[in-house]
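A.B. asks: Input: one structure, supplied below.
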Amino acid sequence: MTAALTPEDISRFAAPTSFALSPDGARVVYALLTVDAESDKRRSTLWLLDLRQPDSPPRRLTNGAQRDHSPQWSPDGAWIAFVSDRAETAQLWVLPTAGGEPSQLTHMRYGANSPRWSPDGQSLLFLAEVRGDEDPFWPTPDDAVARERRERHEANRLRHITRLQFRWDGDDISEGRQHIWRMAFDAAALGQGTSAPTPERVTSGDYDHLDPAWSPDGQQIAFVSDRAEDRDANRTDDVWVQDLASGVVTRVTNHLCENHTPVWGPQGQLAWFCANVVTGISYSNTHVWLAELAGDGWHTWDAMDGHDVLAGAGISSDVAVVPSGPPTWSADGQALFVTVHARGVTNLHRLDRVAGTLTALSQGAWQFGPIAVAPDESLIALAGTPERPIDLVRCAARGAQASPIWLTEVNPWLREQTLAMPEVFTFTTADGWELEGWVMWPPEWVAGVPVPAILQIHGGPHGSFGPGFHAQRQQFTGAGYAVVIVNPRGSVGYGETFARACDRDWGGADYHDIMAGLDAALARGGIDAARLAVTGVSYGGYMTNWIVGHTDRFKAAVTINSVSNLISSFGTSDIDAVFGVVEQGGTPWERRDWYLERSPVTYADRVTTPTRVISAERDWRCPIEQSEQFYMALRYFNRAPTDFLRVPGASHSIRTGTPSQHVTWCRAVLDWIVQYNPVSE
């Protein structure tokens, strides 16, 4: 007998979050994220899948309560480098593929990440933070007394801040810079009691350096870095190339873009993802850009020019978020494989390097993430569907679209669950936009019999919803509710003009789009218009706050990690001094009346909808003071029931809290809606 999902099921999910294909294409190592209920922590272990034996189950490579992730094969396939926090901070480790225990490579004071093997396998690049003249290495041996002394000092020392953007959501105050390091790899010395070689710093300066990539000959590296004078007040990064022998650094790009994840092609070309940053514009599609070295320097161009689509989208759900990774070159260097997000789904495409044509390799309600090309030119990728959150798949790299073949099934228990399948619908707004939404029905729903519904609003505003797997929506339908989701103007996947259409108009036409989408869903029949609830996270929380201040059509509302006061958000959010100024068309000093007019807290005295406020205490994106203001205003005017739930330790994404917090949060959302908008009248 099957059963519907409940909030308590959220801790049962597993998700592969990163993977690497062996050099011979025969094996895949992947990091599997799971929940350890006893310790109330998330753990991640490495697993090996032999593609030559499709009927054999994956084999666990690492054990323990730690988080092992970001695996990378050595060029000879004998070693796997990965990142693990088994030594308190995240450090680089290596594991022999022939069998044996992992060995620690790095002892960086603030951790290490992003391992990259050199083409000859003799060294690795990685990223680690540097803070001024402070020793970047942990002293070894590190005894308990010394550790306690350092931790006490760290907890009590004053922080000196000079940057505009001085912290990032989920992180502590940024006091250093990320630099690229190189470390020699001596396999013979591992396990012999010999100290590992000391890493050497490759980059310098008061800049952050990210996404390191080796050139095919191992003589150069590419990376991204913002070296502008106003680097803490912009949204740009450039691609750079550094010669390792001479240390000479060459700038590849110079067109004010958000560039990331450069990767070398087989003939020494470069490819990366780039979103143009135009002054006063909030959003641009991410495209693949290319560069070739000519006599006068690097020549760059947009390889997707003319395609009004978003490339490089990954997998986003409430089970796990998996970025797409870099563009992936074909073996002959004539094409790249990328994900393209359109109309709520993310499919695989082949991009011709010369012609710039895009050929779809998959179709339907997929969400694809990172891609690897096997020697037989098949593609290995992470992917999800409405019925499966995330698994490994194999796909064809050429020819007609074919259904991907599943390689793993990390959540077999879902076979015994009753899942609701999204039904797409379209509607037209008053000003002529054709918009898209989805309805999901409870398992026992009888067509034509009205049921209560929950309107869920996505974040962003430049995000999107679609038919992909979403555990909380399954919880809603399992409890007896229909669920309505829509993509109002501002959503991505419908072209740049549409994504920019909410600029300087939060709470305006986007609000009317959402209401029109709900009305269109009601017109289809099956939903009781008198029994509606609304909820959303981040910008979805902003819109939930806005809605309850402008209509009383909802019986219940839950607003999560929301924005309520645009003026104070400018001074407390980690991004609003850059992102928010563009979205609102100026600063609060320049547009004070506008900021007040479009702040939901301005209308809190009107709210008659029972509203639960939930916020994470370490959310720097939509800081908890935003939720505090909205709750205090609701409680002061006291025109409707309200309460406030604070989530200690969590940041903007609820997944950063403990697993039990995630369950409690899901339960709190549903319980409030059930109390004030019950399924049974």
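Nothing in this text is a laboratory measurement; each read-out follows from the coordinates by a stated rule. Predicted model only: the values in this text are computed from it and were never measured. Cβ placement follows ideal geometry from the backbone for every residue including glycine, while neighbour counts extend to all protein chains displayed.
A.B. asks: What is the magnitude of the charge dipole of the chain about its Cα centre, with +1 placed on the Cβ of each Lys and Arg, -1 on the Cβ of each Asp and Glu, and no other charges, expressed in debye to the nearest 20? Intermediate values should be presented prior to the final figure.
C.D. replies: Details: 55 positive and 82 negative charges, 235 e Å.
In debye, rounded to 20, the chain gives about 1120.
A.B. asks: Given Cα pairs under 8 Å that are at least 6 residues apart, what percent is the relative contact order of the chain?
C.D. replies: Details: 1652 pairs, mean separation 65.4, N = 681.
Computed over the chain, the figure is 10 percent.
A.B. asks: Under a Cβ-only charge scheme (Lys and Arg +1, Asp and Glu -1), can you give me the dipole magnitude of the range 420-676 about the Cα centre, in debye to the nearest 20? Mind dumping the intermediate values first?
C.D. replies: Values: 20 positive and 26 negative charges, 121 e Å.
Dipole magnitude for the range 420-676 comes out near 580 debye.
A.B. asks: Are there any GluC sites (Glu not before Pro) in the range 434-516 that are in a DSSP loop and have at most 15 other Cβ atoms within 10 Å? List them by number. Intermediate values should be presented prior to the final figure.
C.D. replies: Values: sites: Glu434, Glu436, Glu444, Glu496; in loops: Glu444.
Those satisfying the criteria are Glu444.
A.B. asks: Between Gly571, Ser599, Thr359, whose Cα lies farthest towards the positive end of the dipole of the chain when Lys and Arg beta carbons carry +1 and Asp and Glu beta carbons carry -1, centred on the Cα centre?
C.D. replies: Looking along the dipole axis, the top candidate is Ser599.
A.B. asks: Restricting things to alpha carbons, tell me how big the range 535-612 is in terms of Rg and Dmax, in Å.
C.D. replies: Final numbers for Rg and Dmax: 12.7, 37 Å.
A.B. asks: Over all distinct alpha-carbon pairs, what is the Kirkwood Rh of the chain in angstrom?
C.D. replies: Details: mean 1/r = 0.0378 Å⁻¹.
Result for the chain stands at 26.4 Å.
A.B. asks: Follow-up question, since we're still on this one. When ranked by the protection proxy of mean other Cβ atoms within 10 Å per residue, highest first, what sequence do the peptides 308-316, 568-576 form?
C.D. replies: On the way: 308-316: 22.2, 568-576: 19.3.
The packing order, highest mean first, is 308-316, 568-576.
A.B. asks: Also, quick follow-up: Listed highest first by mean packing, meaning other Cβ atoms within 10 Å per residue, what order do 369-379, 330-340 come in? Kindly include the intermediate steps, with their values, before the conclusion.
C.D. replies: On the way: 369-379: 18.4, 330-340: 20.4.
By packing density, highest mean first, the sequence is 330-340, 369-379.
A.B. asks: Projecting each Cα onto the charge dipole of the chain (Lys/Arg +1, Asp/Glu -1 at the beta carbon, about the Cα centre), which of Ser491, Thr477, Val252 comes out farthest on the positive side?
C.D. replies: Positive-most Cα among the choices belongs to Thr477.
A.B. asks: Taking the range 16-155 on its own, what percent of its Cα-Cα pair distances exceed 25 Å?
C.D. replies: On the way: 3276 of 9730 pairs.
The answer is 34 percent, as a whole percent.
A.B. asks: Need one number: nm distance between label points at Asp308 and Gln267, each 7 Å from Cα along Cα→Cβ, rounded to one decimal.
C.D. replies: Each label point lies 7 Å from its Cα, and together they span 3.3 nm.
A.B. asks: Per-residue ellipticity at 222 nm for the chain, helices alone: DSSP H runs ≥ 4 residues times -39500 (n - 2.57), over residue total, nearest 500 deg cm²/dmol? Intermediate values should be presented prior to the final figure.
C.D. replies: Values: 10 runs with 99 residues, N = 681.
About -4500 deg cm²/dmol.
A.B. asks: Provide, as a two-decimal number, the C-alpha radius of gyration of the range 528-681 over 2.2 N^0.38 Å, N being how many residues it has.
C.D. replies: Values: Rg = 15.3 Å, N = 154, 2.2 N^0.38 = 14.9 Å.
Rg over 2.2 N^0.38 Å, computed on Cα atoms: 1.02.
A.B. asks: How many Å³ per residue does the convex hull of the Cα positions in the range 370-501 occupy?
C.D. replies: Values: hull volume 21.0 nm³, N = 132.
So the per-residue Cα hull volume is 159 Å³.
A.B. asks: For the peptides 265-273, 631-639, what is the packing order when you average, over each peptide's residues, the other Cβ atoms within 10 Å and list the highest mean first?
C.D. replies: Numbers: 265-273: 19.6, 631-639: 16.6.
Top to bottom by mean Cβ count within 10 Å: 265-273, 631-639.
A.B. asks: Still on this structure: What span do the alpha-carbon atoms of the range 420-676 cover on each of the three principal axes, reported in whole Å from largest to smallest?
C.D. replies: Principal-axis extents of the Cα atoms in the range 420-676, largest first: 54, 42, 33 Å.
A.B. asks: While we're looking at this one, here's another question. Between Glu292 and Arg553, what is the label-to-label distance in nm when each label sits 7 Å out along the Cα-to-Cβ direction?
C.D. replies: The two pseudo-label positions are separated by 5.6 nm.
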